[in-house]
Amino acid sequence: MSDLRRLTRQLAEGGSPSPEAEARTLLSHVTGVPLDRLFLVGELSEQQQATLMAATRRRLAGEPVQHITGEVWFRHARLRVGPGVFVPRPETELLAGWAIDQLGDTHGRVVVELCAGSGAISRSIADEAPGHHQYAVEISETALTFARENLAGTDVDLRPGDMADAFHDLDSKVDLLVVNPPYVPLPTRVSAEVHHDPAAAVFGGEDGLDAVRVVAEVAARLLRAGGVLGCEHDESHPEAVRGLFERAGLTRVETHADLVGRPRYTTAVAG
């Protein structure tokens, strides 16, 4: 395990926010040994050493670990990711969990994900709350390539296009609408890792609310009476998002915190 200790130290000195976890992920990727079996890893071969060194250089240069390994875990699903698609973050798992809880033990509900990106939320719903009519839309061709791979084997109807014009065939028929839109205000300084995500999937205009405004309009169009919406947003946005949803005619608008207490997503009900 000397390689793990050395790699952890290198990543820590390079400013990694979680050096041991990243070191374990890179070592697992290079050796093909699962994380919970890394204690079995002995001396690395010359080829493995070279591969690990190359991966470490990429990480120290600011490239996300997920781009180096080509995958990310989201809830219980292993997803393919890479340049050109937004890497789903742990906080979005809370929004996905909320959506799954809304479905409960029911079946046959109409579920729509806007701004699907890698398809992380839709995949989680398909795995953990099966038996519904699922739809998703994504405008980026590159992201669609990843989403198609991640949603392969599910019954999710994944469509290309702009969420503003999507699913007119489902107007007033949707039971659950969920979305993690681009919401970072343009003036915000973001980490080097975020710069590896597509800007269109990160930034939501000067105030960060451009996409959320569209979400409010689409929700008012798609949701049936009693249908529910869950939308992630910036921690500076809860009041603004609640106002947008209320002006769109939605009710029971409520903001939910993430694991460190920051306002992270807002839910609402169609009247």
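Taken together, the values in this text are just the output of simple stated rules run on the coordinates, not laboratory data. Everything numeric here is computed off the predicted structure, so don't read it as measured data. Positions of Cβ are backbone-derived with ideal geometry, glycine not excepted, and every protein chain shown enters the neighbour counts.
Things worth noting here:
- Test set (1) out of contact with any helix residue (DSSP H, G or I) (no Cβ under 7 Å at 6 or more places or on another chain); (2) crowded, with 18+ Cβ neighbours inside 10 Å; (3) outside any helix (DSSP H, G or I) - LEU176 fails condition number: (1)
- Sub-7 Å Cβ pairs linking a first residue in segment 254-271 that is in contact (Cβ under 8 Å) with a residue 24 or more places away in the chain to a second residue that is surrounded by fewer than 18 Cβ atoms within 10 Å (Cβ to Cβ) and in a loop (DSSP other than H, G, I, E, B), at least 6 apart or interchain, are ARG262/GLU235; PRO263/GLU235; ARG264/GLU235; GLY271/GLY249, ordered by first then second residue.
- Subset tally (residues that are within 18 Å of ALA211 (Cα to Cα) and in a loop (DSSP other than H, G, I, E, B)) for segment 92-118: 4
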